[in-house]
Amino acid sequence: MCHLFDPYKRIRAIADKVEVEIDLPGLAIVPLKTVARWQPRPNWSKGWVTEAALERCLARLNALPEGTRALVTAHHPLREAGTQGTALTRQGQKAMTELAKREVLAVLSGHVHDAFDLTEETVQGSVRMIGAGTLSRRLRSTPPSFNELRWDGEQLAVCVRNLEGYDTTEMMINEVPEDATPPRKPDEPVAPVDEVPRTDPPVH
């Protein structure tokens, strides 16, 4: 019930410790809310881009000074359908199409707990999607990691940092999975390091 009536209670408790403004000359970070306190489908963990959330994101993008590039941040990848044909993020395709119009630098996301760096095509152009791994025990096919992003004013580079010292290419999957559940079927994307847990990690 807490998830329904006060879903951000735990986040607000640590907001003053993690919410710090980042000032990057010529580069803006713009949020896009993809989580919902309830959904008309059984799996509420998947993404949903509401009209209001998309409008807020686009308004911020439209208000940026001319020449400013933008990174859009979201919890869920904006991929509409996964390898199993189920909707991952409702209205994700519409969101990506609108972001392609505005030539955003990339969309940064998490949720699936494996890193990726992919390009999604839309009718308005391409959108770069960069996903991050996880530092938690909920591992999918790679050891704990986080993304280091470097922007030189023209190019955005991604380095997947991990304690094992694997190269970035070894830590990335080549497709967006449905969730962070360890892959158990042959057609599910697995990173080259192939460190799939033998048993499913804890959910929380």
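Since every read-out is calculated from the coordinates, none of them should be taken as a lab result. Since the model is a prediction, treat every value here as computed from it, not as a measurement.
Structural remarks
- In summary, the convex hull built on the alpha carbon positions of the range 103-204 has an orientation-averaged projected area of 7.3 nm².
- Whichever lysines have a C-alpha closer than 27 Å to that of LYS33, once near sequence neighbours (fewer than 8 apart) are set aside: LYS9, LYS17, LYS46, LYS94, LYS101
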